[in-house]
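Scroll down for the structure; my scribbles are underneath it.
The values are calculated or read from the model by the stated rules, or taken from the named source; none is laboratory data. Quick caveat: nothing in here was measured; it's all calculated off a predicted structure. No Cβ is skipped: glycine too gets one built from the backbone with ideal geometry, and neighbour counts run over all protein chains shown. Please note that ligands, DNA and RNA were not included when accessible areas were found on the heavy atoms of the full protein model with its side chains. Shrake-Rupley method; radii C 1.70, N 1.55, O 1.52, S 1.80 Å.
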Amino acid sequence: MAEVMQAADGTPLKRSLARALRRQKLRALGLIAPLLFFVLITFIIPIGNMLFRSVENDIVQNTLPGTIAVLTAREETGVPGEDVFTALYIDLFIAEEQKLHTRLGSRLNYEQTGASSMFRRTGRAVGRFDTGTYTDAITDANPAWEDPAHWAATVEANAADLPRTANAWSRWQAVFAAEGDEIGKRNLEDFLFTALYLDLRDADAAPAGLDAAYDAARATDPVSIKDAFIDADDKWGAPQIWETLTLYAPKYTPGYFLNSLDYQKTPDGIEKRPENEQIYITLFGRTIWMSLLITFSCIALGYPIAWLLANLPMRKANVLLILVLLPFWTSLLVRTSAWKVMLQQQGVINDVLVWVGLVDNANRLIMINNQFGTIVAMTHILLPFMILPMYSVMQTIPPSYLRAAKSLGATNWTAFWRVYFPQSVPGIGAGSILVFILAIGYYITPEIVGGTKGVFISNRIAYHISSSLNWGLAAALGTILLVAVLVLYWAYDKIVGIDNVKLG
Amino acid sequence: MADTANDQAFVEFERVQKSYDGETLVVKDLNLSMPRGEFLTMLGPSGSGKTTCLMMLAGFETATHGDIRLGGTSINNIPPHKRGIGMVFQNYALFPHMTVAENLSFPLEVRKMGKAEREEKIMRALGMVQMQDFAGRRPAQLSGGQQQRIALARALVFEPELVLMDEPLGALDKQLRETLQFEITRLAHDLGITTVYVTHDQTEALTMSDRVAVFDDGRIQQLDPPDTLYEAPQNSFVAQFIGENNTLMGKITKISGDRCEVTLDDGEVIDAMPVNVTEVGQRTRVSIRPERVEMDKSRLMPDVHTLKAEVLEFVYMGDIFRTRLRVAGNDDFVIKTRNAPDQVRLKPGEQIEIGWLPQDCRALDA
Ligand SMILES: Nc1ncnc2c1ncn2[C@@H]1O[C@H](COP(=O)(O)OP(=O)(O)O)[C@@H](O)[C@H]1O
Ligand SMILES: [Mg+2]
């Protein structure tokens, strides 16, 4: 049997080693804790949040719980019957009190134009539906119904017989409780009486202590809530909104992602969007394609400079390095705007070309507000991110390799291509990853010099975050961008090998 | 015959000068002529211009003035890759992204050699340095000594007639260095290659070379076989640079043929051999090797001058004894004696008398 190695004090060696290491690890962890915390708050959590938002859809369920329950339970499609409208009436009344109906309207507006105004209008109307007759009939039969205490006691005692009323009452109570309030006399709204009326109509016999109300309900004619809704906005009478509500009933939806890829959900399944509404695939394609172009122009322009930096004498190299870093000292906005001045039709470059006579004054080149402008400006802005990693890798390649290659009989070109270049590839790799990932998510420059043809997907994301306020779609677009980068990174690792990436 | 004349001077430097900055000459008037098959070492302190000379020969630096000839033709205008000179660098310069075999294959590929021929040559070259089993490894997977062997094989694989080595063993430990020194010299002689070897290690230079060129201050101070260099240094720089040496300062008081008398600064008189002193009254630095100092009067010529000396220190070094003396006011006068059974072991404070054969004491420039 193998002896267990022991430390001087008799404890097993393994354990005392583990203890010593643990202390070191804890100390290390303590040192990085602030950064970890910072990254968690500013990076991990927002990304998690974004991933979540891209599929989250509980606003429909949360705002219209009753409606969704009845709507999804039914078999047939098309405009539903009175029962669904009643549930919608109760849901909307409560939502209106909480001012949630407009939010739902905006959310549904992404899926169906006009939904927003429909909800706003209906929200104003629900208070004026003709359901006052129920209220009057019941309170006339028993004035105790004007007292919230009576409501509370009766509804609680007969919850089983009055399902709708109990549900509406408890949700109504919750609304007030959330504000630290109680239901007052004035808050005994028509919809409560409507629920009570419908429950009593459905009951076979009067629940205990509700004889008067039961009789009154029996004696009152029903009011069509469906008609009232269609009255408020006739779109309630068309099947479209009901389809949308059914499609977006679940708490989680792939809708944002489908939308991001130019697809949409329809009652018949997933379908491609009509031609004139397809924009995102084109935008993604353009973003990736232009980012690749930018990366390649950065390699082409940066490689010789990095080589110079690595091979010039120290003093000259330092001056050159400062020139490379100089752009970092000016604001991004200023640099981009400078390109605008340079490239525009009445700009410096065109002026020079016209003056030299290469370009006719009438046909000045269009170099801005298109893809060309974006590529030029972004290549310039991202160039240092390519040069620096290349430089730091090239610095580690001793000149003796080139000399060795030449002494072995290689021409200058062969020596460069077979000996120097392969060793500089890790720098190109690091620079390319950096530039490509920065480019793919770039926003300001395409916004300023890109026009309509040169904008990137990020500009669309920004639009959805700050203008259309469709954060779910923005999150889905962002997630797709993130996945695209990860996939490219993975492919890069497979082809080039991530071990071949060095920052120096 | 013309052929032998060419052989006599395979590599030639004629009045070569080099300046990097246009202000100072790094190489001043270099003249050198090497026959085919010679192993020549450039030895000198750091900064003396050895690497510069090698780089001019390889074609990576251009001579500011003068002519460099290879096999009788001037190579001043031939680019490095056409010179066909093998080179071994101090940091090995093995291409890290290629395997050992690919490294060796490189010079053959650029010469458009066929695959079968390449493989045969690679294996033969690896065999020369006993590294056949490492063909598939990358340089990073080899030890320093192994890398240097591969570098050597790579410089030889395309069968150059001339191989240059710039301090190839500088980064290795002593034992490995000695093994490789031996291997390099063996290979160079077996293959009959002409070799220019640069080092600042005098032992290396003395043990490996057919001839050694001692560099200082951009000039060859002396170019001779190792024994001549050691025993007959032509000036005081060489005398001091090669091996251990005792020096005494004085003035020539008598000179005739190959004998002279030097009066030391404290008035004592000694006998010496004039090397680069010519006339009476000239100041001189006399140089004598520690192992040539004699304490046994019976072994000296009867009419020779002797000096009084006081023993300051006695160091037992195993094979030899190293005794430090005060001689003519010089506290660093060292003598070395063999550890023989009858050898006296001196004690500090002892007064002795020392002398030497006049031909062992060289009167050099001051
Ligand atoms: N590329 C260079 N540019 C300028 N000066 C150099 C260059 N290479 C060497 N020198 C100078 O030339 C002198 C000789 O250098 P070098 O030939 O490398 O000497 P060694 O190899 O004997 O140590 C040194 O003073 C060194 O500073
Ligand atoms: Mg050197």
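Of note:
- For beta carbons closer than 6 Å, sequence separation of 6+ or different chains, a first residue in region B:140-158 that is in contact (Cβ under 8 Å) with a residue 40 or more places away in the chain and a second that is among the basic types (K, R) and open to solvent by 10 Å² or more (accessible area, probe 1.4 Å), the qualifying pairs are B:V157/B:K121.
- Within region B:116-162, the set of residues being open to solvent by less than 10 Å² (accessible area, probe 1.4 Å) and more than 14 Å from every other protein chain (Cβ to nearest Cβ) comprises B:L126, B:V129, B:M131, B:G145.
- Filtered residues of region B:89-105 (kept if open to solvent by less than 40 Å² (accessible area, probe 1.4 Å), out of contact with any helix residue (DSSP H, G or I) (no Cβ under 6 Å at 6 or more places or on another chain) and within 9 Å of chain A (Cβ to nearest Cβ)): B:M98
- Whichever residue in region B:25-61 is in a loop (DSSP other than H, G, I, E, B) and within 14 Å of another protein chain (Cβ to nearest Cβ) and, among such residues, is nearest to ligand 1 (Cβ to nearest atom): B:E61
- If you go through region B:163-183 and keep only what is buried (at least 20 other Cβ atoms within 10 Å of the Cβ) and within 14 Å of another protein chain (Cβ to nearest Cβ), you end up with B:V163, B:L164, B:M165, B:D166, B:E167, B:P168.
- Test for B:L229: is it surrounded by 20 or more Cβ atoms within 10 Å (Cβ to Cβ) and in contact with a Leu (Cβ under 9 Å, 6 or more places away or on another chain): yes
- Residues of region B:72-88 that turn out to be part of a loop (DSSP other than H, G, I, E, B) and either more than 9 Å from chain A (Cβ to nearest Cβ) or surrounded by 14 or more Cβ atoms within 10 Å (Cβ to Cβ) (or both), as a count: 7
- Matching residues, region B:44-94, being polar (S, T, N, Q) and within 16 Å of ligand 2 (Cβ to nearest atom): B:S46, B:S48, B:T51, B:T52, B:Q90, B:N91
- Test: residue in region A:153-173 that is more than 27 Å from A:A69 (Cα to Cα), open to solvent by less than 80 Å² (accessible area, probe 1.4 Å) and part of a loop (DSSP other than H, G, I, E, B): no
Listed here are the residues, each with its yes/no results for (1) in contact (Cβ under 8 Å) with a residue 60 or more places away in the chain; (2) farther than 30 Å from A:L104 by Cα.
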site	(1), (2)
A:L21	no, yes
A:G30	no, yes
A:N57	yes, no
A:T63	no, no
A:A69	no, no
A:A73	no, no
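- Flag for B:R186 being within 22 Å of B:F106 (Cα to Cα) and either buried (at least 19 other Cβ atoms within 10 Å of the Cβ) or more than 16 Å from ligand 1 (Cβ to nearest atom) (or both): no
- Sub-6 Å Cβ pairs linking a first residue in region B:250-270 that is under 18 Å from B:W356 (Cα atoms) and in a strand (DSSP E or B) to a second residue that is open to solvent by 50 Å² or more (accessible area, probe 1.4 Å) and among the hydroxyl-bearing types (S, T, Y), at least 6 apart or interchain, are B:E261/B:T253; B:T263/B:T253, ordered by first then second residue.
- Filter result for B:G22 (over 19 Å from B:V238 (Cα atoms), open to solvent by less than 50 Å² (accessible area, probe 1.4 Å) and either within 7 Å of ligand 1 (Cβ to nearest atom) or in a loop (DSSP other than H, G, I, E, B) (or both)): no
- Region A:376-411: number of residues that are surrounded by fewer than 18 Cβ atoms within 10 Å (Cβ to Cβ), at the interface with chain B (Cβ under 8 Å from one of its Cβ atoms) and either among the basic types (K, R) or in contact with a helix residue (DSSP H, G or I) (Cβ under 7 Å, 6 or more places away or on another chain) (or both): 1
- For B:S256, the conditions (1) at negative phi; (2) open to solvent by 50 Å² or more (accessible area, probe 1.4 Å); (3) within 16 Å of ligand 1 (Cβ to nearest atom) are fulfilled apart from (3).
- Test: residue in region A:279-290 that is part of a helix (DSSP H, G or I), of a type outside the set (A, V, I, L, M, F, W, C) and under 18 Å from A:M390 (Cβ atoms): no
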